[in-house]
Amino acid sequence: MASAYIGLGANLDDPRQQLRAAVRQLRQEPANSSLRCSSCYQSAPWGDADQPLFLNAVVAVETTLEPLALLDCCQRIERQLGRVRNPERPWGPRRVDLDLLLYDNAVMATERLTLPHPWMAQRAFVLQPLLELWPTACLPDGTVLADALAALPERCTPLPDFSLT
């Protein structure tokens, strides 16, 4: 079993339901077990500001899937929930987004997948929920993610009245 962290985001077509559906499908994957969810956070769009606010969360999962197979699982869930990728707006609005952030201590860079996620240390909407699940998180290069979050100027707003479980 490997420990993986997956970032979730949505800002179209009832984002709360989109995130709940994504978590439900991750739980139904036979290779996954022991799924834990962070709180849900509201955040400003990153990289493309002309769109609605996002809801974000992180899930921790134990899985027997290898990294690329877990990526395939995440992308299959995105498609099943109606995600359509727009190459002209890679950071544009979306029904749902599942990003493989960390997979054990794996470091890899392929055409399809880079681990750890290359921009995670620059995104409060990833770090806040991730640190909720793993307060002492460090990247394989030794970067302490709590320090990375402390250096960022923005924060996300927790939504205490909403749970993914």
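Laboratory data are not the source of any read-out in this text; all were calculated from the coordinates shown. No experiment lies behind these values; they were computed from the predicted model shown. Here the Cβ is made from the backbone with ideal geometry for all residues, glycine too, and neighbour counts use every protein chain on show.
Proximity of backbone amide H atoms, modeled 1.01 Å from N, is registered between Arg89 and no other residue at under 5 Å, excluding neighbours fewer than 5 places apart on the same chain. When peptides 15-22, 136-143, 123-130, 85-92 are ranked by their average number of other Cβ atoms within 10 Å per residue, the highest-first order is 123-130, 15-22, 136-143, 85-92. Each of Val84 and Asp48 was given a label point 7 Å from its Cα along the Cα-to-Cβ line. The distance between the two points is 1.3 nm. Toward the positive end of the charge dipole of the range 1-146, about the Cα centre and with charges on Cβ (Lys, Arg +1; Asp, Glu -1), which of Ala49, Met108, Leu145 goes farthest? The Cα lying farthest towards the positive end belongs to Ala49. Ordering Thr114, Thr63 by the number of other Cβ atoms within 10 Å of each residue's own Cβ, fewest first, gives Thr114, Thr63. Taking the three principal axes of the alpha carbon atoms in the range 76-165, the coordinate ranges are 39, 35, 27 Å, sorted in descending order.
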